[in-house]
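To start, the structure under review is shown below, and the notes come after it.
The values are calculated or read from the model by the stated rules, or taken from the named source; none is laboratory data. Just so you know, these numbers come straight off a predicted model, no measurement behind them. Counting neighbours? That spans all protein chains shown, and the Cβs are built from the backbone with ideal geometry, glycine included.
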Amino acid sequence: MLYHWYEATHAMLSPYRAMADATKLALNNPVNPFSHMPMARQMAAGAELFERATRRYGKPEFGLSTTLVGGERVAVTEATVWQRPFCNLVHFKRALPARHRPDPKVLIVAPMSGHYATLLRGTVESFLPNHEVFITDWLDARMVPLADGRFDLDDYVDYVISMLHFLGPDTHVMAVCQPAVPVFMAVSRMEAEDDPYVPTTLTLMGGPIDTRSNPTAVNKLAEERGTEWFRRNVITTVPFPHPGMMRPVYPGFLQINGFMSMNLDRHVDAHRELFRNLVKGDGDGAQKHREFYDEYLAVMDLTAEFYLQTIERVFVEHHLPRGIMMHRDRPVDPKAIRRVALLTVEGEKDDITGGGQTLAAHGLATSIPEDMRHHHLQPAVGHYGVFNGSRFRADIAPRVMDFMRTHAYRKAQAAKAPAKEKGSTGSTVLKMIRGGRGGAAKGH
């Protein structure tokens, strides 16, 4: 009934929302003589805040129509090149001149944690000038008919493997936050099967590989409540008339409430600032607020089976670091990874994925030679700063690109040269794990 109450409340507020929108338009119209009065500006600002607070935000657009390649502005078009019921693989196709040499292929695996893949717009934009970029565009579970079946953590791993097969060899994969675990699982399983389509490099950014390391409020909540509490309290069914009606889901509106409650004061202050900017006519400040919250408040539902499996295996029982993770009926052994270079990235002030949780991947994938692993700790950034913003563009993205190109070159050279003795696994990164986090290790 939770979802039904949400829908009923949204419908009940519709006429008031329309009234608020009409009031805002009328009081912002320069032809209206009352629009120049201080009280009118305050009323218009209040009307906009009410309309935005009660609105349902739709899926945003990537809006990346051009990029710079070698100093030349070229057109970019989005094309869905691979499809499954719960995911589309989107290729940002650049209109490159025929003389342009092929750029590295990068598969960006976006989080399936409530927000749309457009949250990584800045990530995609940073890689477009020098890479063929593909991104997982996860579908809202309430829009997927029940007849299309289930989607759980095992299916997620299958999707990643299938996409890597589709893209072919010499692909680089980058998992941002939540997908760090299923992507790490997928690469582990591919290596165990000696799959020729394993990626050249694997980059894990702010992902919960081992949430026992520096647990955050999110991690502690999951352990304290346990899987059954989440099953009883946050799982509901999609109501009519959505295409996915009767599908059990974890609703996006609950996820965004959880996100906002973690930093409630900050969000309240941001809306106060929006009100002030609207009253004093600061259009630029108000527009920045709108753009951020249009993205942040656009949320999607997750299938119940995927959400509960993730809670249980990743946050409560820690299957991966304990060595008991399974993919369907087969064990997931990160020690099988030997051909894939591994880069982990963390933010110093990350309050969602604590420091050391992503670094833990190096302690599990011990068969990767020392010169094929690297860890980067970015000072003074939180969770979103790991994959977006000025620090990402200036510091993190160049390191990731350099890592990818370095190991693509080494792989190409190794293919031409006679087989050499494998590097030592006594890695500096592994020593960081055993003796504390320390600084970023040298690895490429």
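The set of residues in the stretch 242-264 being of a type outside the set (A, V, I, L, M, F, W, C), out of contact with any Pro (no Cβ under 9 Å at 6 or more places or on another chain) and at pLDDT 90 or above consists of HIS242, PRO248, TYR250, PRO251, GLY252. Restricting ASP158, ASP103, ASP154, ASP194 to those that are closer than 25 Å to GLY70 by Cα and either over 16 Å from the mean Cα position of the chain (by Cα) or assigned to a loop (DSSP other than H, G, I, E, B) (or both) reduces the list to ASP103.
Here is a list: GLU273, GLU224. Which entry is more than 30 Å from PRO145 (Cα to Cα), surrounded by 13 or more Cβ atoms within 10 Å (Cβ to Cβ), out of contact with any Ser or Thr (no Cβ under 9 Å at 6 or more places or on another chain) and at pLDDT 90 or above? It is GLU273. Would you check if PHE292 is modelled with pLDDT of 95 or more, aromatic (Phe, Trp, Tyr) and part of a helix (DSSP H, G or I)? For PHE292, the condition - modelled with pLDDT of 95 or more, aromatic (Phe, Trp, Tyr) and part of a helix (DSSP H, G or I) - is not met. Scoring GLU48 on the criteria (1) assigned by TED's automatic domain parsing to the domain that holds ALA18; (2) assigned to a loop (DSSP other than H, G, I, E, B) leaves a single failure, condition (2).
Hey, among the residues in the stretch 358-385 that are assigned to a helix (DSSP H, G or I) and in contact (Cβ under 8 Å) with a residue 40 or more places away in the chain, which one's nearest to PRO179 (Cα to Cα)?
Applying the filter and picking the extreme gives ALA361.
Taken over the stretch 359-380, the residue count meeting the criterion of being within 18 Å of ALA175 (Cβ to Cβ) and in contact with a helix residue (DSSP H, G or I) (Cβ under 9 Å, 6 or more places away or on another chain) is 14. Close Cβ contacts (under 6 Å, 6 or more residues apart or on different chains) running from residues in the stretch 267-280 that are in the same structural domain as MET37 (by TED's automatic domain parsing) to residues that are among the polar types (S, T, N, Q) comprise VAL279/GLN42.
For the stretch 299-345, a tally of residues being part of a loop (DSSP other than H, G, I, E, B) and under 18 Å from PHE230 (Cα atoms) returns 4.
Tell me whether the stretch 354-369 contains one or more residues that are among the β-branched types (Val, Ile, Thr), surrounded by fewer than 17 Cβ atoms within 10 Å (Cβ to Cβ) and in the same structural domain as GLY114 (by TED's automatic domain parsing).
Taking every residue of the stretch 354-369 in turn, at least one turns out to be among the β-branched types (Val, Ile, Thr), surrounded by fewer than 17 Cβ atoms within 10 Å (Cβ to Cβ) and in the same structural domain as GLY114 (by TED's automatic domain parsing).
Among the conditions (1) buried (at least 23 other Cβ atoms within 10 Å of the Cβ); (2) more than 22 Å from the chain's Cα centre (by Cα); (3) not aromatic (Phe, Trp, Tyr), the only one that VAL183 does not satisfy is (2).
Here's the yes/no breakdown for (1) within 33 Å of the chain's Cα centre (by Cα); (2) farther than 26 Å from ARG150 by Cα:
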site	(1), (2)
ALA11	yes, yes
SER14	yes, yes
MET19	no, yes
LEU25	no, yes
PRO33	no, yes
CYS87	yes, no
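The residues in the stretch 10-31 that are of a type outside the set (A, V, I, L, M, F, W, C), surrounded by fewer than 16 Cβ atoms within 10 Å (Cβ to Cβ) and modelled with pLDDT under 90 can be counted, and the count is 3.
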